[in-house]
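The values are calculated or read from the model by the stated rules, or taken from the named source; none is laboratory data. Being a predicted model, the structure only gives us computed values, none of them experimental. In this analysis, Cβ positions are derived from the backbone assuming ideal geometry, glycine residues included, and neighbour counts consider all displayed protein chains.
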Amino acid sequence: MTRIDKAQSPSGRIVILTGAGISKESGLETFRDPGGIWSRVRIEDVATPEAFTRDPERVHGFYNARRQGLLSDNVRPNAAHLALARLESEWPGEVLLVTQNIDDLHERAGSRNLIHMHGELLRALCLHCRGVEVWRDDMALDSVCPTCGRAGGLRVNVVWFGEMPFEMERIYQALAGCDLFISIGTSGNVYPAAGFVAEVRGTGRGATVELNLEPSEGHSHFTESHYGPASEIVPIFVETLLQERT
Ligand code: BV8
């Protein structure tokens, strides 16, 4: 198990990266597992600015279906989401949670110090006024912006391929100063997120831990790894970390 060098920083700053795997047991699909989202639909058709320009109705339909799935009654945070919220509340140092996920399960579990680097499924961006608002309904070409009242300019507020992820400066600052980097439920295929572990290794200071169902693309960069379903291994890891602290 990871030990944070107490002499160096009694509390330790933790940065956590999560991906679609942490939400799998909550009933949301991953992307690259067998039968995952990208096995049924092409990134180029639904998750790029060019796709939205070419066929906005198809892109709206793709995200409307995922939004309806996320808002269904049987989708709720699982024990892994809850364990990360517990870590944030009980750990004496800073815990920053950076998620690639566009669902709101971390918030619903109680996490607060959270960055959605790939945006949020439940928010809309207006291309007319640049306003960002909560959006829980289906979105269509004639949907009206709640901020400026104009129609025809709304898109889901997520980061498509070829677009710059959000809050990268804040993320890189946190990676440069962290004592522990934990990567959970991500295949390590998508950049720049997939490069975070190498950033931490490059500082020569932070321990790096992978908690995943199976080794990711970047598994060799991690100083420690535990494999299994997130709802099982994440609560155990958090409990051990909190026990070691005392
Ligand atoms: C950008 C939002 C530049 C939309 C997403 C090198 C450097 C920089 C960029 C690139 C580069 N090389 C290539 C690129 C371009 C590209 C990229 O990385 N392409 C890949 C395919 C090669 N990157 C970009 O375009 C990024 N932008 O670089 O901009 C720039 C510079 C200047 C100015 C402007 C721009 C933007 C990338 C963001 C794209 N948007 N999502 C949406 O969700 O629809 S990415 C998408 O992939 C999701 O966010 C998803 O979270 C993310 C990563 O996938 P994972 O979360 O890892 O999910 P996956 O299914 O792959 O894996 C699941 C894992 O969970 C598996 O390992 C599995 O084993 C595990 N698992 C399963 N069940 C469980 C489990 N683990 C635990 N328990 C379980 N029960």
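In the set VAL98, VAL132, which member is modelled with pLDDT of 95 or more, among the β-branched types (Val, Ile, Thr) and over 15 Å from GLY185 (Cβ atoms)?
Just one listed residue meets the conditions, VAL132.
What about ARG130, is it among the basic types (Lys, Arg) and within 18 Å of the chain's Cα centre (by Cα)?
no
With the requirement that a residue be modelled with pLDDT of 95 or more, in a loop (DSSP other than H, G, I, E, B) and surrounded by 15 or more Cβ atoms within 10 Å (Cβ to Cβ), what does segment 1-28 give you?
ARG13, GLY19, LEU28
Of ARG123, ARG155, ARG130, which residue is more than 15 Å from the ligand (Cβ to nearest atom), basic (Lys, Arg) and surrounded by fewer than 21 Cβ atoms within 10 Å (Cβ to Cβ)?
ARG130
Checking ASP73 against (1) assigned to a loop (DSSP other than H, G, I, E, B); (2) surrounded by 15 or more Cβ atoms within 10 Å (Cβ to Cβ); (3) more than 11 Å from the ligand (Cβ to nearest atom), which single condition isn't satisfied?
It is condition (2) that ASP73 fails.
Looking at segment 171-187 only, could you name the residues that are touching a residue at least 40 places away in the same chain (Cβ under 8 Å), of a type outside the set (Val, Ile, Thr) and within 16 Å of the ligand (Cβ to nearest atom)?
Those that are touching a residue at least 40 places away in the same chain (Cβ under 8 Å), of a type outside the set (Val, Ile, Thr) and within 16 Å of the ligand (Cβ to nearest atom): LEU175, PHE181, SER183, GLY185, SER187.
Does segment 91-126 hold any residues that are more than 21 Å from GLY228 (Cβ to Cβ), touching a Leu at 6+ places or on another chain (Cβ under 6 Å) and touching a residue at least 60 places away in the same chain (Cβ under 8 Å), and which are they?
Hits for segment 91-126 are VAL95, VAL98, ASP103.
So if I check each of ARG67, ARG108, ARG86, which one is among the charged types (D, E, K, R), surrounded by 15 or more Cβ atoms within 10 Å (Cβ to Cβ), in contact with a strand residue (DSSP E or B) (Cβ under 6 Å, 6 or more places away or on another chain) and assigned to a helix (DSSP H, G or I)?
Result: ARG67 is the single residue among ARG67, ARG108, ARG86 that is among the charged types (D, E, K, R), surrounded by 15 or more Cβ atoms within 10 Å (Cβ to Cβ), in contact with a strand residue (DSSP E or B) (Cβ under 6 Å, 6 or more places away or on another chain) and assigned to a helix (DSSP H, G or I).
Condition check: touching a Gly at 6+ places or on another chain (Cβ under 8 Å), modelled with pLDDT of 95 or more and surrounded by fewer than 18 Cβ atoms within 10 Å (Cβ to Cβ). Does LEU141 satisfy that?
So LEU141 fits the description; yes.
In the set SER225, SER231, SER216, which member is part of a strand (DSSP E or B), more than 19 Å from ALA174 (Cβ to Cβ) and in contact (Cβ under 8 Å) with a residue 12 or more places away in the chain?
Answer to the check: SER225.
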